[in-house]
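A short worksheet on the structure shown next.
Rule-based calculations on the coordinates, nothing more; no lab input. All values reported here derive from a predicted model rather than from experimental measurement. Here the Cβ positions follow ideal geometry from the backbone for every residue, glycine too, while neighbour counts run over all protein chains shown.
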Amino acid sequence: MSAAPSKHARRGRQSPRILLVGAGGIGGVVGSLVSGGEAELDVLTTNSTIATALQERGFRLRGDDAGRGGKPDAVLSVPPETHDYDWVLLAVQPPQVEQAARSVLPALGPHGKLVCFQNGLCEERVARLVGPDRVVGGVVAWGASMVEPGVYERTSSGGFSLGVLPGGDDSRLSELARVLEVVGPVTITQNLIGVRWSKLAINCAVSTLGTLAGERLGSILRLRFVRRLALEIVSEVVQVARAEGVRLEKVAGTVDLAWLSLSPEERRKASVSLATKHTLMLAVGARYRRMRSSMLAAVERGREPAVDFLNGEVVERAERHGISVPVNARARELVWAVAKGERRSRRKLLRELWETTRPTVVPA
């Protein structure tokens, strides 16, 4: 029996052809909802268990998206060399993004582009391989987890910000936005770097602290000293971003990181403004209360943590500018200690982080 024609063939060339690389939490939700739309979507995954689940049952969603899962047109285990994909969505973890980008270049059509969904500043890394004109940044403002192979659940709501690096081509962003709107609201930004750095500041705090604690974010941000650690991490990132000449954008359109960053006075003593910033961090914890750090999941699976793409990126750039970022530096060291099995991930690691950096900060 011959195979049924693909959506691409049935609906004509106006239907975009998409390759999704990686089917973890974010990739799974994106693939599930996009595959139910007009686009033709193929999935590339090297995980045979996930591949089998997607081939047999397609994507399945739980929670608020239950019942919306679609089935990919094809599930691939090796990168194709078809030269005809309009969009390649990179949904692998940051440590794998450069290798993934290299491997799928032969799949891109003449005007095809790579889309980076990773946290960190991965667009710059991928652009060094393929040029800025072929790279799009997709900043994800929501969380998701893979419950079991092929089964996914969103852990927080939100959408995407799409943009390009200086020198990039933004002429087709509206086309990509139409594809992704089935997942969540899409904003096209003219300041991708500013959006990325703002998200980096939040990730350096909540993702890394969640990895050290081994818990969901909502529970640890109820602790005052953890909120203070998060504020210190964000403040260090903001300082480095300013040195880099970055104009930060508000997170989710509301959180002004320049305001959230601690002033010298707030570091010395309690104040109304410091209390207000603690309250805002509580709100962040409430919004992402169900979110579990993807970096923690990677560590638990014995994979390389993305900490060098988060706190490590800040530490390295800070060194270039002669800026001290002790909390980010120590947090990076502790995550690597956990990843290497030298310590267990638990709350006392957070306390250790606080105690070892307290000479540079005042009590919470």
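With both partners inside segment 136-249, how many of the DSSP beta bridges are antiparallel, as a percent to the nearest 5?
Working: 8 of 11 bridges.
Bridges in segment 136-249 are about 75 percent antiparallel.
I want to check the label-to-label distance for residue 78 and residue 340. Put each point 7 Å from Cα in the C-beta direction and report it in nm to one decimal.
Taking the simple label geometry, residue 78 and residue 340 are separated by 3.7 nm.
Give me the mean projected area, in nm² to one decimal, of the convex hull enclosing the Cα positions of the chain. Intermediate values should be presented prior to the final figure.
Details: hull surface 70.8 nm².
Mean orientational projected area (the chain, Cα hull): 17.7 nm².
Which ordering of 42, 170, 256 is given by a fewest-first count of other beta-carbon atoms within 10 Å? Can you show the working numbers first?
On the way: 42 23, 170 16, 256 13.
Starting with the residue having the fewest Cβ neighbours, the order is 256, 170, 42.
Assuming 0.36 nm per residue, please report the length gained on full extension of the stretch residue 148 to residue 177 beyond their Cα-Cα distance. Could the numbers behind the result be given before it?
Working: separation 29, 0.36 × 29 = 10.44 nm, distance 2.85 nm.
Full extension from residue 148 to residue 177 adds 7.6 nm.
Using the basic label-point model (7 angstrom from Cα toward the beta carbon), what is the residue 243 to residue 279 distance in nanometres?
3.3 nm
Only Lys, Arg, Asp and Glu count, each charged at its Cβ (+1, +1, -1, -1), so figure out the dipole size of segment 194-360 about its Cα centre, rounded to 20 debye.
On the way: 32 positive and 18 negative charges, 149 e Å.
With Lys and Arg at +1 and Asp and Glu at -1, about 720 debye.
In debye, nearest 20: dipole of the chain around its Cα centre with unit charges on the Cβ of K, R (+) and D, E (-)? Could you put the intermediate results ahead of the total?
Numbers: 50 positive and 38 negative charges, 273 e Å.
Approximately 1320 debye in magnitude.
Per-residue HN-Hα couplings for segment 35-51, Karplus 6.51 cos²θ - 1.76 cosθ + 1.60 at θ = phi - 60°, whole Hz, x for Gly and Pro?
With the stated coefficients, segment 35-51 comes to 5, x, x, 7, 6, 8, 10, 9, 10, 10, 9, 8, 8, 5, 5, 5, 4 Hz.
So which lysines pass the test for residue 113, namely a Cα distance under 21 Å, with those fewer than 8 places away in the same chain ruled out?
Once the sequence-local lysines are set aside, what remains near residue 113 is 7.
Apply 1/(1 + (r/R0)^6) to the Cβ-Cβ distance of residue 188 and residue 55, taking R0 = 30 Å, and write down the FRET efficiency to the nearest 0.05.
Numbers: r = 34 Å, r/R0 = 1.15.
Once the sixth-power term is evaluated, E becomes 0.30.
Take every DSSP beta bridge whose two residues both sit in the chain, then give the antiparallel share in percent to the nearest 5. Provide the component values of the computation, followed by the final result.
Details: 9 of 35 bridges.
Beta bridges within the chain, antiparallel portion: roughly 25 percent.
For each of 233, 323, count neighbouring Cβ atoms within 10 Å of the residue's Cβ, then give the residues from fewest to most. Spell out each step's value before the answer.
Numbers: 233 27, 323 15.
So the ranking, lowest neighbour count to highest, is 323, 233.
If you line up the long axis of helix 272-287 against the longest principal axis of the chain, both from Cα atoms, how many degrees apart are they, to the nearest 10?
So the helix axis and the longest Cα principal axis differ by about 30 degrees.
Starting from 0.36 nm per residue, how many nanometres of slack lie between residue 290 and residue 303 once their C-alpha separation is accounted for? Working shown, then result.
Details: separation 13, 0.36 × 13 = 4.68 nm, distance 2.23 nm.
Taking residue 290 through residue 303 to full extension adds about 2.4 nm, to one decimal.
From the phi angles alone, apply the Karplus equation (6.51, -1.76, 1.60; θ = phi - 60°) to segment 169-176 and give each ³J(HN,Hα) in whole Hz, x where the residue is Gly or Pro.
9, 9, 5, 10, 5, 5, 5, 5
Please figure out what share of the DSSP beta bridges in segment 15-190 is antiparallel and state it in percent, rounded to the nearest 5.
On the way: 8 of 34 bridges.
Beta bridges within segment 15-190, antiparallel portion: roughly 25 percent.
Short version: ³J(HN,Hα) in whole Hz for each residue of segment 348-356, in order, from phi by Karplus 6.51 cos²θ - 1.76 cosθ + 1.60 (θ = phi - 60°), x for Gly and Pro, what are they?
3J(HN,Hα) across segment 348-356, in whole Hz: 5, 5, 5, 4, 5, 4, 5, 5, 7.
Compute the long axis of helix 326-339 from its Cα atoms, compare it with the longest principal axis of the Cα atoms of the chain, and write down the angle in degrees, 0 to 90, nearest 10.
The answer is roughly 50 degrees.
Given H placed on each backbone N at 1.01 Å, which residues far from residue 76 in sequence or on other chains put an amide H within less than 5 Å of it?
Amide H neighbours of residue 76: 43, 44, 45.
Given N residues in segment 194-360, what is its alpha carbon radius of gyration divided by 2.2 N^0.38 Å? Intermediate results must be reported in sequence, preceding the final value.
Values: Rg = 14.7 Å, N = 167, 2.2 N^0.38 = 15.4 Å.
Taking N as the residue count of segment 194-360, the ratio is 0.96.
Which whole-number value in Å³ per residue fits the convex hull of the alpha carbons of segment 15-190?
Values: hull volume 17.5 nm³, N = 176.
For segment 15-190, the hull spanned by Cα atoms encloses 100 Å³ per residue.
Can you figure out the FRET efficiency of residue 272 with residue 48, using R₀ = 51 Å and their beta-carbon distance, to the nearest 0.05?
The computed FRET efficiency comes out at 0.35.
Calculated FRET efficiency, residue 333 and residue 14, Cβ-Cβ r, R0 35 Å, to nearest 0.05? Spell out each step's value before the answer.
On the way: r = 51 Å, r/R0 = 1.47.
Efficiency at R0 = 35 Å is approximately 0.10.
Let me have the 222 nm mean residue ellipticity of the chain computed from DSSP H runs of 4+ only, each contributing -39500 (n - 2.57), with the sum over all residues rounded to the nearest 500.
Details: 16 runs with 167 residues, N = 364.
When only DSSP H runs of four or more count, the value is -13500 deg cm²/dmol.
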